[in-house]
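Here the structure comes first, spelled out in structure tokens, and everything after it is commentary.
The values are calculated or read from the model by the stated rules, or taken from the named source; none is laboratory data. Note that the structure is a prediction, hence the values are computed from the model and not measured. Cβ coordinates were reconstructed from backbone atoms using ideal geometry, including for glycine residues, and neighbour counts include every protein chain displayed.
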Amino acid sequence: MLILSRKLDESIRIGDGIVVKIVAIQDGQVKLGIDAPRDVRILRSELYEETQKSNKQAASADRSAALEAARRFAQQPAPDVPAAVKPPARNP
Amino acid sequence: MKWTNRQFGELEYEPRHEIVFPDGLIGFERNTRFLLVNDDSAKPFLWLVSLEDSDLCFPLIDPQMVRPGYAVTGAGPNATVLNLVALRTPVEDSTVNLRSPVVIGKDPQVGRQLVLDSEQFSFRQPLFSAAAVKG
């Protein structure tokens, strides 16, 4: 792993168009500002890893499990819908 | 066009059915082409079936079935929002990932998996409500 030292307000460039800047350092926390093209996915690592784990679990299912869950669903009452509001009566 | 998937056998589809995920799903970045399969026998579940790996498919559900009023900011009014389901044994232990929705746009059909900032959405929301499981 490449390791670089940076001070407050200093930044690094990654490839074409990605800039990571040290915006604040306080109480053992570093705040980063990131400029990147819109199509670059930026995620906190732990959120990426949780999603990856969850996606792998989803991919391991087979159709019979879905059929069983569907049967279970049919026994469950419909979820509560948020209270519906009626529009005001139109003036003639 | 035809594609064979491990769960569903031979599927027939037209080019307009294909959904491109430019970044893939998280952890599955190499798979970018999918079909959405509506399995009538297992409603309310849908499947996202890879057009590149015959073994790969993900069960999904309309989040309104689990969390009425669920909305993803920035998804766009015409986008379809679905959430991946982890089906477990026993089935009551199954969960839905409300934190990482799949958003599919129209014209062209482009899909993305987001990860929401808000901690009010769980990575493992129980699929069935506690009351229903007890009953």
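List the pairs whose first member sits in region B:1-16 and is more than 13 Å from B:F34 (Cα to Cα), whose second member is among the polar types (S, T, N, Q), and whose Cβ atoms are under 7 Å apart, counting only residues at least 6 apart or on separate chains?
From region B:1-16, the pairs are B:R6/B:S54; B:E10/B:T4.
Restricting to strands (runs of 3 or more DSSP E) lying wholly in region B:57-135: which have 3 or more residues that are among the acidic types (D, E) and either more than 9 Å from every other protein chain (Cβ to nearest Cβ) or touching a His at 6+ places or on another chain (Cβ under 6 Å) (or both)?
In region B:57-135, there are no strands (runs of 3 or more DSSP E) which contain 3 or more residues that are among the acidic types (D, E) and either more than 9 Å from every other protein chain (Cβ to nearest Cβ) or touching a His at 6+ places or on another chain (Cβ under 6 Å) (or both).
Please determine, by comparing only the residues of region B:100-135 that are over 23 Å from B:F28 (Cβ atoms) and surrounded by 14 or more Cβ atoms within 10 Å (Cβ to Cβ), which one is modelled with the highest pLDDT.
It comes out as B:P126.
Which numbered condition in (1) surrounded by fewer than 21 Cβ atoms within 10 Å (Cβ to Cβ); (2) without any contact (Cβ under 8 Å) to a residue 60 or more places away in the chain; (3) closer than 21 Å to B:R30 by Cα; (4) not aliphatic (A, V, I, L, M) is the only one that B:N83 fails?
The one condition B:N83 does not meet is (1).
Pick from region B:5-52 the residues that are among the aromatic types (F, W, Y) and either part of a loop (DSSP other than H, G, I, E, B) or surrounded by fewer than 19 Cβ atoms within 10 Å (Cβ to Cβ) (or both): which of them is farthest from the other protein chains (Cβ to nearest Cβ)? Give the steps one after another, and end with the answer.
Step one: filter region B:5-52 for residues among the aromatic types (F, W, Y), giving B:8, B:13, B:21, B:28, B:34, B:45, B:47.
Of the ones still in play, those that are also either part of a loop (DSSP other than H, G, I, E, B) or surrounded by fewer than 19 Cβ atoms within 10 Å (Cβ to Cβ) (or both) are B:8, B:13, B:21.
Working: B:F8: 7, B:Y13: 18, B:F21: 11 Å.
Filtering first and then ranking leaves B:Y13.
Which one is nearest to B:V96 (Cα to Cα) among residues in region B:22-48 that are more than 12 Å from the chain's Cα centre (by Cα) and of a type in the set (S, T, N, Q)? Step through it out loud before you land on a result.
Of region B:22-48, the ones more than 12 Å from the chain's Cα centre (by Cα) are B:22-24, B:26-33, B:39-43.
Okay, now just the ones that are also of a type in the set (S, T, N, Q), so B:31-32, B:41.
On the way: B:N31: 21, B:T32: 22, B:S41: 20 Å.
Of everything passing the filter in region B:22-48, B:S41 is nearest to B:V96 (Cα to Cα).
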